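These notes concern the structure reproduced below.
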Amino acid sequence: MLPNRCLMCHQQILSNQTGICTVCLNASIYHVPVCLGCGKEMLLLAEYCGRCQQSCHLKVIAACRYHDGLGHWVGQIKYQAQFAVIEVMVDTLICRLHFLVKQGFIKMPQAIIAVPLHPKRLRKRGFNQAWLIAKTLSKKLQLPLLDDVIIRQANTLSQAGLSGTLRRKNLLNAFALIADISQQRVAIVDDVVTTGTTVSEISKLLSKQYIDAQVWCLARAEAPGLN
Ligand SMILES: [Zn+2]
Ligand SMILES: [Zn+2]
């Protein structure tokens, strides 16, 4: 059997975790307060930065910044089926969730929804990384994962490389709610949140049903496009 080594620093991992060691994890997670609206770093611990406080913002909770080292490994889940990092990164996200609940910044949701892939893309890739992450969160937090409540009806272009306006256009009516949701608070799970266009389209659908949504992701790339 191969020794259990960290994918980032190649040191042997002695605990029972796999993928990434505690030292590398700790070096890559947030060390300063970040705005739950836009992801910007802040000097003081608060829910939102001054700019986001002025308007209603979807709360995005991430385990780390996309550009601080772990983002690459989140990408590897999708592109290389590197599932070994999921559990350890989900644990890091759960730590952050508990911290934010303790601060009174968020409330735990009653259910989880994964950002769906279009069936065609799902067949091509063979898995939906957002669903794999959501499933792990659901097990660890003992929250129901609501499958088949939201579908992706349009096979949109990849969001990467599109400008803010084009991203929104690309996603217009991309999702549809196809079943009733009895819960009032849900978390939408995605692997990476960049501009937040995808998740805010889903949260709009949910808010029409008076469902309060927050967003959970493994890594967040802060982008002004969220505003
Ligand atoms: Zn390491
Ligand atoms: Zn902000």
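Readers should treat all values here as calculations from the given coordinates under stated rules, not as data from a laboratory. Here the structure is a predicted model, which is why all the values come from computation and not from measurement. Here Cβ is always computed from backbone atoms with ideal geometry, including for glycine, and neighbour counts include all displayed protein chains.
Separation of segment 1-55 and segment 97-165, taken as the distance between their Cα centroids, equals 19 angstrom. For residue 115, neighbours were defined as the other residues whose beta-carbon sits under 15 Å from its Cβ, and their charges (Lys and Arg +1, Asp and Glu -1) total +3.
The H on the amide N of residue 61, modeled in the peptide plane, is under 5 Å from the matching H of 215, 216, 217, each at least 5 residues off or on a different chain. Here the 3J(HN,Hα) profile of segment 112-124, calculated from phi with Karplus coefficients 6.51, -1.76 and 1.60 at θ = phi - 60°, is 10, 10, 8, 4, x, 9, 5, x, 5, 5, 4, 5, 5 Hz, Gly and Pro shown as x. Extension gain for the segment residue 147 to residue 26, taken as residue separation times 0.36 nm less the Cα-Cα distance, is 40.3 nm to one decimal. In whole angstrom, segment 34-226 maps to an equivalent ellipsoid with semi-axes of 22, 19, 19, each derived as √(5λ) from the alpha carbon gyration tensor and ordered largest first.
Near the amide H of residue 150, under 5 Å away, which other amide H atoms are found, from residues 5 or more places off or on another chain, if H is placed in the peptide plane? Residues meeting the criterion, in which the H sits 1.01 Å from N, are 178. Listed by Cβ neighbour count within 10 Å, with the fewest neighbours leading, 98, 72 appear as 98, 72.
Whole-Hz Karplus values for segment 55-63 come out as 9, 6, 10, 5, 7, 10, 10, 10, 6 Hz, taken residue by residue from phi with 6.51 cos²θ - 1.76 cosθ + 1.60 and θ = phi - 60°; glycine and proline positions read x. Taking the DSSP beta bridges in the chain as the whole, what percent of them are antiparallel, to the nearest 5? Here the antiparallel bridges make up roughly 25 percent for the chain. Sorting 205-217, 176-188 by their mean Cβ neighbour count within 10 Å, with the most densely packed peptide first, gives 205-217, 176-188. In this structure, the residue pairs whose Cα-Cα separation is over 18 Å, taken from 78/120; 59/204; 78/124; 78/204, are 78/204. The amide H of residue 8, built 1.01 Å from its N in the peptide plane, has 21 as neighbours under 5 Å, considering only residues 5 or more places off or on other chains.
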